[in-house]
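Reading through the structure tokens given below for one structure.
The values are calculated or read from the model by the stated rules, or taken from the named source; none is laboratory data. This is a predicted model, so every value here is computed, not measured. As a convention, Cβ positions derive from the backbone with ideal geometry for all residues, glycine included, and neighbour counts pool all protein chains shown. Remember, those area values only see protein heavy atoms, side chains included, never the ligands or the DNA or RNA. Shrake-Rupley method; radii C 1.70, N 1.55, O 1.52, S 1.80 Å.
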There are 2 protein chains.
Amino acid sequence: MGYWWVNHSQAGAHEVARDYLWSPKREQGGARNQGYDNMALAQPGDIVFSHIDGVVGYVGVVTDLASESSKPAGLGKVGSYWSDDGWLLPVSFQPVRRPVVPKQHLDALVPELPKKYSPIQPNGHGNQKTYLAAISDVLARKLLHLTDADSVSAQPTDATAAAQVQADIEAIQKSTDLSETERQRLSNARIGQGLFRSLVLILHPVCKVTGMADKRLLRASHIKPWRDCTNTERLDGANGIMLSPHIDVLFDQGLISFENDGRMLVREDLAPEVLAQWSIPADLNLAPFHSSQWGYLAWHRQQLARAQA
Amino acid sequence: MGYWWVNHSQAGAHEVARDYLWSPKREQGGARNQGYDNMALAQPGDIVFSHIDGVVGYVGVVTDLASESSKPAGLGKVGSYWSDDGWLLPVSFQPVRRPVVPKQHLDALVPELPKKYSPIQPNGHGNQKTYLAAISDVLARKLLHLTDADSVSAQPTDATAAAQVQADIEAIQKSTDLSETERQRLSNARIGQGLFRSLVLILHPVCKVTGMADKRLLRASHIKPWRDCTNTERLDGANGIMLSPHIDVLFDQGLISFENDGRMLVREDLAPEVLAQWSIPADLNLAPFHSSQWGYLAWHRQQLARAQA
């Protein structure tokens, strides 16, 4: 895995919001620039620290190889003097918990700066000539620690979710201690289908939160997630809840949870406009859960509390 | 693929709504009954015709093997005289377009009835002794035609979607005419990630319908679906739209679409309470789409119109 530092221009906020980096391939005069050449060297899974206006406030995961691309329209007049022939690098960015001003940590950072193509000068000023800079594992670890982003990873979007499902199903298929029937049943449960889904529908015929009753539009979600379950828990209908797809995403990411008596819990750091935009009342008080589900719900609430701490 | 006919008892509506069949393993006195034994013979992918009160009104797809199960609580007092030791068979049911009363089609159906363990008598009355009956391909095809369910298939739930994604990615990996980079890029695009997602985010930084701006909660959806696309169309950001997960499900299933000028279209047969329960105004008028997207949108609208016809 490689580590990179990007010195955004004025377009930084736009790039971070849209999950990409863009640079021209060459300098205005046609000269090569290592900071641009690096765009084509970044690999999916690499970590990128975003440096805007003297602050490292975002960290991202490269999600694809760079692609030849003209300057995205969204960059507008920003960088209008750049050549239109460039690289577009997809990076999934997220804000760090603790934004870091490198100038305030020169003692820790300066000894680890690369000798060539360093992203900042020894006084902490950004090297504007270097757009994307390779940095060492040691410097990266220091930055991850300072920004409290030690556990950075791609957000659980469709992508990682789908890849994880595939890996889990492959692991099931390779389990020699399971019968063919058990393998098929667990594979189905992993994707919220088959026996598991039927058992969950028996407990929850409609979406607990929105009341949606059209089964085609509902998901059978595990309360205690797959990775932490025994095989028995993976097939236990009591470990499931039928949810509308958007509620499922919030529940699955631990941004909401539920008390046994049906009260919805919202993680403190979830922006209030998220619930508002999806018309979900923040003070929801739903029907109580069946006692068979309390143990699983306690586990889920603990995860939410841990993330808040 | 096998075909089955189920004569539901009074519990039929409940079973269909919850996507399962349940029967005891034996008759009250302990005798075997082929209609119960068949529960353990049904295979995932088999088709089941639901016969309730003289009407075939639902058709389902078996989604898992039968499982030993006591009588689900939801069946309540219905069948309270049954043994509690039974089979639970997961079946994904959907209503047929044209419910069929077998008694009105005796000429077509009777010649195809099985000699033994027939689900109905020659006069069209159900054989209540036979819960789940095996039927022939010929009878099944006649029923599919009469009910206008020729194209029956499991609803595109998570399950089929995830399996389809996996199959599509395997097909990409086997394409010898693609470079390793192209293979990786297409795999990412299939799951709404990587270059494709970045390109779509550039066009649509927020969910078109709800305004949701938290990228972690949004999906990059193909407008013209994967199976109908060239590889170029699969990676074309103009063929994408960022949507909240519940809006994505409606759009992906062709239950809603959009005019080029941003007006939302709702398929006539979508129950109005679906939009109401998710607080989506039916008369949405959004910002116009960029002209690069009009061709893809026209394709999507055509699918909606075809499903309505």
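Relative contact order of chain A, please, whole-number percent, based on alpha carbon pairs below 8 angstrom and at least 6 residues apart. Working shown, then result.
On the way: 522 pairs, mean separation 41.2, N = 309.
Reported relative contact order: 13 percent.
At 7 Å along Cα-to-Cβ for each site, give me the label-to-label distance between A:S291 and A:E68 in nm.
That separation, rounded to one decimal, is 6.9 nm.
Among the GluC sites (Glu not before Pro) within the range A:184-282, which fall in a DSSP loop and have no more than 15 other Cβ atoms within 10 Å of their own Cβ? Please list the in-between numbers first.
Details: sites: A:E233, A:E259, A:E268, A:E273; in loops: A:E259, A:E268.
Taking the range A:184-282 and a limit of 15 other Cβ atoms within 10 Å, the loop GluC sites (Glu not before Pro) found are A:E268.
Compute the distance from the alpha-carbon center of the range B:205-266 to that of the range A:90-116, in whole Å.
The range B:205-266 and the range A:90-116 have Cα centres spaced 36 Å from each other.
Which ³J(HN,Hα) values, rounded to whole Hz and listed in residue order, are derived for the range A:10-27 from phi using the Karplus coefficients 6.51, -1.76 and 1.60 in 6.51 cos²θ - 1.76 cosθ + 1.60 with θ = phi - 60°, glycine and proline given as x?
Each residue's phi maps through the Karplus curve to give 4, 7, x, 4, 5, 4, 4, 5, 9, 6, 7, 10, 9, 9, x, 7, 9, 6 Hz.
Say the cut-off is 22 Å between C-alpha atoms; which of A:K25/A:K129; A:K71/B:K174; A:K103/A:K142; B:K116/B:K142; A:K25/B:K224; A:K116/A:K142 go over it? If you can, show how the numbers build up before the last one.
Details: A:K25/A:K129 13 Å; A:K71/B:K174 33 Å; A:K103/A:K142 14 Å; B:K116/B:K142 19 Å; A:K25/B:K224 32 Å; A:K116/A:K142 19 Å.
As for pairs spanning more than 22 Å Cα to Cα, those are A:K71/B:K174; A:K25/B:K224.
Looking at chain B, what % of its DSSP beta bridges pair antiparallel, to the nearest 5?
Details: 33 of 38 bridges.
Close to 85 percent.
Please find the FRET efficiency linking B:Q302 to B:V138, where r is the Cβ-Cβ separation and R0 is fixed at 56 Å, and quote it to the nearest 0.05.
According to the calculation, E is roughly 0.95.
Taking 60 Å as R0, compute the FRET efficiency from the Cβ-Cβ separation of A:Q104 and B:D53 and round it to 0.05. Provide the component values of the computation, followed by the final result.
Numbers: r = 76 Å, r/R0 = 1.27.
Efficiency, from the Cβ-Cβ distance: 0.20.
State, to one decimal in nm and shortest first, how far the label point of A:A213 sits from each corresponding label point in the other identical copies (label point: 7 angstrom along Cα-to-Cβ).
3.8
Taking the simple approach of a point 7 Å from Cα along Cα-to-Cβ for both B:R97 and B:Q43, what is their distance in nm?
The two pseudo-label positions are separated by 2.9 nm.
Mind giving me the nanometre distance, one decimal, between the label points for A:E268 and B:A276, set 7 Å out from Cα along Cα→Cβ?
4.0 nm
Given springs between every Cα pair under 10 Å in a Gaussian network model of chain A, which of A:D148, A:D283, A:D19 has the largest fluctuation?
A:D283
How far is B:D261 from itself in the other copies, in nm, if each label sits 7 Å out from Cα along the Cα-Cβ line, shortest first?
5.3
Quick check on the protein assembly as shown: helices-only [θ] at 222 nm, where DSSP H runs of length 4 and up contribute -39,500 (n - 2.57) each and the sum goes over total residues. Nearest 500, please.
Values: 22 runs with 194 residues, N = 618.
Counting only the DSSP helices, I get -9000 deg cm²/dmol.
Kindly give the distances from A:P99 to its copy-mates, label point to label point, with each label point 7 Å from Cα along Cα→Cβ, as nm values to one decimal ordered shortest first.
6.1
Going from most exposed to least, what order do B:K224, B:K103 have by accessible area with a 1.4 Å probe? If you can, show how the numbers build up before the last one.
Details: B:K224 30, B:K103 105 Å².
Correct descending sequence by accessible area is B:K103, B:K224.
Which one, A:A134, A:A167, A:A66, has the greatest fluctuation when you compute a Gaussian network model over chain A with C-alpha springs under 10 angstrom?
In this elastic network of chain A, the residue with the biggest mean-square fluctuation among A:A134, A:A167, A:A66 is A:A167.
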